[in-house]
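Coordinate-derived values only; no laboratory data. The structure presented is a predicted model; accordingly, all values stated were derived computationally and were not measured. All Cβ positions, glycine included, derive from the backbone under ideal geometry; neighbour counts span all protein chains shown.
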Amino acid sequence: MLQRLTRTASRHHSYRWWYVAASACVFLVVAAILTGIPRAFRVAIIFVGPALAMSWGMALICFWFEPARGGLYGSMVVKHLPRMGQISLRWIAAIFLALWFAFGLVVWPIFALLI
């Protein structure tokens, strides 16, 4: 799982700021829909979770797991941890991201439909 995240981060690292911008756009669109067309918000909220989960999740993968410049590999704090601490920290981040994607892509739309 860590190798897959590292490969994904290496391939997508140059797009990391695009993912952050996409996340900001999701928030702006939701705010515009909420203030402009409140009835459309009920439909839009179904798509907000997956859009936000993908864009912000990919940004976190790029910022955390990139082997040369990622925060979980190149950070001065992480470098001073023992090897086991570094691996544990990466696994905690990987589990967090797995839960992030599962909640955003599966749980959020189901929850939004039930409301």
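Assorted remarks:
- Sparse packing (at most 14 other Cβ atoms within 10 Å of the Cβ) combined with a DSSP loop state is found for the following trypsin sites (Lys or Arg not before Pro) in region 43-115: ARG69.
- Taking every C-alpha pair closer than 8 Å and separated by at least 6 residues, the mean separation divided by the residue count of region 1-97 gives a relative contact order of 35 percent.
- On full extension, the segment bounded by VAL77 and ILE46 gains 7.3 nm, given 0.36 nm per residue less the C-alpha separation.
- Simple spin-label estimate for LEU114 and ILE37 in nanometres, 7 Å along Cα-Cβ: 2.8 nm
- Comparing Cα centroids, region 99-115 and region 1-73 end up 15 angstrom apart.
- Estimated [θ] at 222 nm from DSSP helical runs (n ≥ 4, -39500 (n - 2.57)) normalised by residues in the chain, nearest 500: -26500 deg cm²/dmol
- Averaging 1/r over each pair of different alpha-carbon atoms in the chain and inverting the result gives 15.4 Å, the Kirkwood hydrodynamic radius.
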